Amino acid sequence: MPPPRRTRLAPSPTGALHLGNARTFFINWLLARQNGWEIALRIEDLDGPRIKRGAAEQAVEDLAWLGIDWDEGPVWQSNRMEPYRSAIARLVEIGHVYPCVCTRSEVDRSASAPHAEDGGAVYPGTCRGRYASATAAREATGRAPAMRFAVGDGGAGFDDGFAGRVEMEVAERLGDFVVAKADGTPAYQLAVVVDDAEMGITDVVRGDDLLDSTARQMLLYTALGWGDRIPRFTHLPLVVGADGRRLAKRHGDTRLATYRAAGVGPGAILNRLATWSGMEKIAAATRATDFMGRFDLARLPRGPIVADAAALAELDGGRS
Ligand code: GLU
């Protein structure tokens, strides 16, 4: 028998679980449970300054409150520095990364290229080939260098489970990207690839704001010699506010913990998430399992889902 497929739920404790990311987790969970995949829970807590105290524990509690369960974890990225360091060392060894002493504002100023989709400027390659080693870079500039992955002229392509064929010109659109920050912390792109590869993740389901990241991650898999471990990706259209921007604080307080404190039950939340995921409401729903067998990727709306004021007010009405 082939080993079971595995996916992961990977909250970042940089903020609370709200209706937008809860919907992504709900769909990920349904796809897994409907297809017999295993689920690992991974807390992506490497982004030091942006981590909010207690947010990870709260996310775990919120997921459980919805009836979303998992088979392994929580695994904390902050407890797994060793495998990240050795992957970075491997990239240094094969000459696929280089030290970079540019600050973010220098990168922004020097970029004549258009800004990449994720809000950052395309790195113009200032430090590429400039320093023989991280030590040399530090000695020459007095600055602690980050390590940047040289993408070469590579593009990346993959067949997405929802978006279809995706082809991305990584060099042109995104540029060389950071795999280790100046303080030595592994960057998201690197940590996620190491984790997904080591945890045997076969299926990644996440928001389509990460399509650009997937392209970068494909290059990392290949460079690390893990081409055979690249998971199948399914990128979901996000929930946006009436202004077309990704659902966030500016659209009101949609944190699960807030609804919960106000007496809104998990059934009302799940029904809201369900209607944003191409499913019918279930009047008597109380747990995620009530929706088992009802999710169908083919019925997921193709574009962003708008969380209009009426939909949000309906839940606010439940706060009594
Ligand atoms: N931790 C990321 C987030 O919450 C998800 C990363 C991923 O799925 O690869 O946005």
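The values are calculated or read from the model by the stated rules, or taken from the named source; none is laboratory data. In this text, all values refer to a predicted model and were calculated from it rather than measured experimentally. No Cβ is skipped: glycine too gets one built from the backbone with ideal geometry, and neighbour counts run over all protein chains shown. For accessibility, only protein heavy atoms count, side chains too; no ligands or nucleic acids. Shrake-Rupley method; radii C 1.70, N 1.55, O 1.52, S 1.80 Å.
On a 1.4 Å probe surface of the protein chains, which of Arg104, Arg260, Arg90, Arg128 comes out largest in accessible area, and what is the full order?
Ranking Arg104, Arg260, Arg90, Arg128 by accessible area, largest first, yields Arg104, Arg128, Arg90, Arg260.
Summing -39500 (n - 2.57) over the DSSP H runs of n ≥ 4 in the chain and dividing by its residue number, what mean residue ellipticity at 222 nm do you reach, to the nearest 500 deg cm²/dmol?
Theoretical 222 nm ellipticity from helices: -10000 deg cm²/dmol.
Given Cα pairs under 8 Å that are at least 6 residues apart, what percent is the relative contact order of segment 138-188?
Once divided by the residue count of segment 138-188, the mean separation gives 40 percent.
Just check segment 241-320 against the gyration tensor rule for me: Cα atoms, a ≥ b ≥ c as the square roots of the eigenvalues, rounded for a/c under 1.5, and otherwise prolate or oblate depending on whether a/b exceeds b/c.
Note, shape of segment 241-320 comes out oblate.
Could you report the accessible area of Phe295 in Å², rounded to 10, computed with a 1.4 Å probe on the protein chains as they sit in the structure?
Rounded to the nearest 10, the figure is 10 Å².
List the cysteines of the chain that have no other Cys Cβ closer than 4.7 Å: which are they?
Cys102
Enter the accessible area per residue of segment 276-316 (Å², integer; probe 1.4 Å; all protein chains in place).
Spelled out: the 1.4 Å probe surface of segment 276-316, per residue, equals 57 Å².
Taking R0 as 25 Å, what's the FRET efficiency between Arg128 and Arg245 from their Cβ-Cβ distance, rounded to 0.05?
After rounding, the FRET efficiency stands at 0.15.
Sort segment 1-81 into rounded, prolate or oblate with this rule: let a ≥ b ≥ c be the square roots of the eigenvalues of the Cα gyration tensor; rounded if a/c is under 1.5, and if a/c is not under 1.5, prolate when a/b is larger than b/c, oblate otherwise.
oblate
What spacing in nm lies between the two simple spin-label points modelled at Leu297 and Asp108, each 7 Å away from Cα in the Cβ direction?
3.8
Over the chain, what is the relative contact order in percent, taking alpha-carbon pairs closer than 8 angstrom and at least six residues apart?
Taking the mean separation of contacting Cα pairs over the length of the chain, I get 20 percent.
With a Cα-only, solvent-free Debye model of the chain, what are the log10 I(q)/I(0) values at q = 0.15 Å⁻¹?
-1.28
For Trp76, what residues show an amide H to amide H distance below 5 Å, using hydrogens built from the backbone and excluding near sequence neighbours?
Ile43
Between segment 121-199 and segment 1-75, what is the separation of their alpha carbon centroids in Å?
Comparing the Cα centres of segment 121-199 and segment 1-75, I get a distance of 25 Å.
Using the heavy atoms of the protein chains alone and a 1.4 angstrom probe, what is the accessible area of segment 1-98 per residue in square angstrom?
Heavy-atom accessible area per residue stands at 45 Å².
Using a 1.4 Å probe on the protein heavy atoms, what percent of the accessible area of the chain belongs to carbon and sulfur?
50
Let me make sure I get this right: for segment 196-238, a, b and c are the square roots of the gyration tensor eigenvalues over alpha carbons, sorted descending. Under 1.5 in a/c it's rounded, otherwise prolate if a/b > b/c, else oblate. Which is it?
Because a/c hits 1.5 or more and a/b fails to exceed b/c, segment 196-238 counts as oblate.
Which percent, to the nearest 5, of DSSP beta bridges fully inside the chain are antiparallel?
Antiparallel: roughly 50 percent of the beta bridges in the chain.
Suppose the chain between Thr258 and Gln34 were pulled fully straight at 0.36 nm per residue; how much longer would it get relative to their current alpha carbon spacing?
Gain on extension, Thr258 to Gln34, equals 77.7 nm.
With every protein chain left in place, what is the accessible area per residue of segment 194-250 in square angstrom, probe 1.4 Å?
38
Using modelled amide H (1.01 Å from N, peptide plane; none on Pro or chain starts), what sits under 5 Å from the amide H of Val179, excluding residues fewer than 5 places away?
Met147, Arg148, Phe149
Given a Förster distance of 30 Å, report the FRET efficiency between Ser86 and Thr275 from their Cβ-Cβ distance, rounded to the nearest 0.05.
0.10
Please report, in debye to the nearest 20, how large the charge dipole of segment 1-56 is about its Cα centre when each Lys and Arg carries +1 at its beta carbon and each Asp and Glu carries -1 there.
80
Charges at C-beta only: +1 for Lys and Arg, -1 for Asp and Glu. How large is the resulting dipole of the chain about its Cα centre, in Debye rounded to 20?
Using Cβ point charges on Lys, Arg, Asp and Glu, the chain gives about 440 debye.
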